[in-house]
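Below is one structure; the comments refer to it alone.
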């Protein structure tokens, strides 16, 4: 399965850093958060990524274009007439990465719709470029294949205010606003999606969470994998600093891969 990562938004709630670079490129422990997300998927054998870029998309392209420089020791030789560069101990991930400019103001559903030519008629994995988790991705895929719904999404319990899911067992019935103390689950991303979903996305102005998921839920086509482990989004500078502290203290729950 290909992994689609939504990485095109403006990241206005963490504007202290996203003013300069796109939110998925904000670093945790010296690596962009999108790198951490990709490492999570790679652990489970998913190594082909489609990145839905938009805001400052050139930053994402340039980072992957220079991946060897970011991850290896490099000698720049200016002593000869012809400048040269030598990469030492070259290391790269087993990844195939396609970065697609899905537009500056395109909504989430529209960005997903623009992936259709790259995905074809196969199910795909879908997540956001700003959340980390220790969820077992293989189990999400297993649940999706067992139930044959259009969307399988990961849900978690949090104490913050988000849109929440109303569930009947594992079946997602509807979406509603969450208020502190409701003890309900939110959509944490980490989804498996059937290509039938493209029929429920009208175009660039479609908000996937508000229009597509709510419509599919009303038709009984959304199921959830309930994750009770670690999950944390990076919406604010405080959350970014918290994730940074976890990484630097070797207590990052999402780091389930081997070095």
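Just to be sure before I move on: is residue 137 surrounded by 22 or more Cβ atoms within 10 Å (Cβ to Cβ) and over 12 Å from residue 190 (Cα atoms) in the structure I sent? Taking the combined requirement at face value, the residue does not satisfy it. How about segment 185-214: which of its residues are buried (at least 19 other Cβ atoms within 10 Å of the Cβ), touching a helix residue (DSSP H, G or I) at 6+ places or on another chain (Cβ under 8 Å) and in a loop (DSSP other than H, G, I, E, B)? Hits for segment 185-214 are 190, 201, 206. Residue 79 meets the stated requirement of being in a loop (DSSP other than H, G, I, E, B), over 30 Å from the mean Cα position of the chain (by Cα) and either closer than 30 Å to residue 201 by Cβ or modelled with pLDDT under 95 (or both). Among the numbered conditions (1) closer than 30 Å to residue 202 by Cβ; (2) without any contact (Cβ under 8 Å) to a residue 12 or more places away in the chain; (3) in a loop (DSSP other than H, G, I, E, B), the only one that residue 58 does not meet is (3).
A Cβ distance below 8 Å, combined with a sequence gap of six or more or placement on separate chains, defines the contacts here; from segment 69-94, residues that are over 29 Å from residue 44 (Cβ atoms) reach residues that are part of a loop (DSSP other than H, G, I, E, B) in the pairs 73/89; 76/83; 77/83; 88/72. Just for segment 2-18: of the residues that are assigned to a loop (DSSP other than H, G, I, E, B) and crowded, with 19+ Cβ neighbours inside 10 Å, which one is modelled with the highest pLDDT? Going through the qualifying residues, I end up with 2. Which ones in segment 65-76 are surrounded by 12 or more Cβ atoms within 10 Å (Cβ to Cβ) and either part of a loop (DSSP other than H, G, I, E, B) or in contact with a helix residue (DSSP H, G or I) (Cβ under 9 Å, 6 or more places away or on another chain) (or both)? The answer is 70, 72, 74.
Looking only at residues in segment 215-259 that are part of a helix (DSSP H, G or I) and out of contact with any strand residue (DSSP E or B) (no Cβ under 8 Å at 6 or more places or on another chain), which one is surrounded by the fewest Cβ atoms within 10 Å (Cβ to Cβ)? The selected residue is 238.
Count of segment 148-161 residues, restricted to those that are over 16 Å from the mean Cα position of the chain (by Cα), within 11 Å of residue 194 (Cβ to Cβ) and surrounded by 15 or more Cβ atoms within 10 Å (Cβ to Cβ), is 2.
The values are calculated or read from the model by the stated rules, or taken from the named source; none is laboratory data. Only a predicted model underlies this, so the values are computations on that prediction, with no experimental measurement involved. Cβ: placed from backbone, ideal geometry, glycine included. Neighbour counts: every protein chain shown.
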